[in-house]
Amino acid sequence: MTLDFQGRVAIVTGAGGGLGRQHALALAARGAKVLVNDLGGAVDGSGGAATAAQAVVDEIRAAGGEALANGASVTDFAAVQAMVQQAVDAWGRVDVLVNNAGILRDKSFAKMDMADFALVVQVHLMGAAHCCKAVWPHMQAQNYGRIVMTTSSTGLYGNFGQANYGAAKLAQVGLMQTLAIEGAKYGIHVNALAPTAATRMTEGLFPQEVFDALQPEAVVPAMLVLAHESAPTRAILCAGAGTFEAAHITLTQGIHLGIGADVPEQLAARLAEATDRTGEQVPQSGSAQGTNEVGKALAARR
Ligand SMILES: NC(=O)c1ccc[n+]([C@@H]2O[C@H](COP(=O)([O-])OP(=O)(O)OC[C@H]3O[C@@H](n4cnc5c(N)ncnc54)[C@H](O)[C@@H]3O)[C@@H](O)[C@H]2O)c1
């Protein structure tokens, strides 16, 4: 099977460099018309220049592809709506949205300024929400859409100095879970990508040998799989250095203790059983938790 994007229209945010640039180049090389968005600022989100997106558009065009540049900040909903309209005006539809734009404002939580927390949430979570909201009516109307969130191992598992970033990145997984459910009947699939790549964002974090192994190109296949017609939905796909994994949010079988004065003590004594992973499930929606709990309560009464 060839992962073909002929006739598809894709928007990639933060595509002026790093992973986003690779995503845009790959989608265009496989036939998609690509709107290349980038604010063109620094890693901490300061500044901005339209030249970053334009340079990638020039690269795509030089290779024979079709692309448009856009310099909107994903934090600005009106500008994001105009960006989506730009793609629709030029190409009539939007099939793929890759929410890739991002910044860092790292500090230990004790030293973190709340303004830096809010800005990181604004770019990663609200930026993704703005873009999803702007493409949603188009995807609903055409009964087709593929949305790729960019989450992070920091969001999934934590990392020192990245409380703001981790919270914002896992929030994108939360957004994915419900949008995938709401989008299902419109043929909209929503997935999340957790990349590891050598970019300006991770410069200085890894020793040179590790940095060299983590080419951003090595992440692109996971994005293409999640953005393609054949994509799954509600998957969290991890990718780096040519290795591909999945992350799952699971629910254990748990134990039923009922209601009573000594339940706190019982739970403390049997916590290992409540958290035992034997037979855990990956719920298809949030209702699975209540179903499990009430099911066990009713079974205990019988
Ligand atoms: N590099 C990694 O190992 C890694 C790991 C996990 C997640 N990520 C995520 O991958 C994505 C790409 O990161 P990268 O490593 O390529 O870093 P990068 O800094 O090269 O790319 C981020 C891009 O987003 C753009 N951007 C920032 N704020 C924007 C805004 N408000 N509006 C529009 N564009 C904006 C930047 O100008 C930049 O080009 C980010 O969401 C990042 O959090 C990266």
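General remarks:
- Residue list for the range 201-232, restricted to those being closer than 25 Å to Val43 by Cα and among the acidic types (Asp, Glu): Glu203, Glu209, Asp212, Glu217
- Residue ID - surrounded by the fewest Cβ atoms within 10 Å (Cβ to Cβ), chosen from residues in the range 92-132 that are near the ligand (Cβ under 10 Å from one of its atoms) and not in a helix (DSSP H, G or I): Leu104
- At least 3 residues being more than 11 Å from the ligand (Cβ to nearest atom) and over 20 Å from Gln172 (Cα atoms) is the threshold, and among the helices (runs of 4 or more DSSP H) wholly inside the range 194-291 those reaching it are 208-213, 263-269, 271-274.
- When each of Ala42, Ala26 is tested for being buried (at least 17 other Cβ atoms within 10 Å of the Cβ), in the same structural domain as Ala180 (by TED's automatic domain parsing) and among the small types (Gly, Ala, Ser), the lone residue that passes is Ala26.
- Residues of the range 51-109 satisfying the condition of being of a type in the set (D, E, K, R) and in contact (Cβ under 8 Å) with a residue 60 or more places away in the chain: Arg93, Asp95, Arg105
- Residue in the range 28-41 that is among the β-branched types (Val, Ile, Thr), within 16 Å of the ligand (Cβ to nearest atom) and part of a loop (DSSP other than H, G, I, E, B) present: no
- Within the range 140-178, considering residues that are aliphatic (A, V, I, L, M), without any contact (Cβ under 8 Å) to a residue 60 or more places away in the chain and surrounded by fewer than 24 Cβ atoms within 10 Å (Cβ to Cβ), the one farthest from the ligand (Cβ to nearest atom): Ala141
- Of the criteria (1) surrounded by fewer than 15 Cβ atoms within 10 Å (Cβ to Cβ); (2) over 30 Å from Met139 (Cβ atoms); (3) among the hydroxyl-bearing types (Ser, Thr, Tyr), which one Thr252 fails: (1)
The values are calculated or read from the model by the stated rules, or taken from the named source; none is laboratory data. Just so it is clear, the model here is predicted, and its values are computed rather than measured. Because the Cβ atoms are built from the backbone with ideal geometry, glycine has one as well, and the counts that use them run over all protein chains shown.
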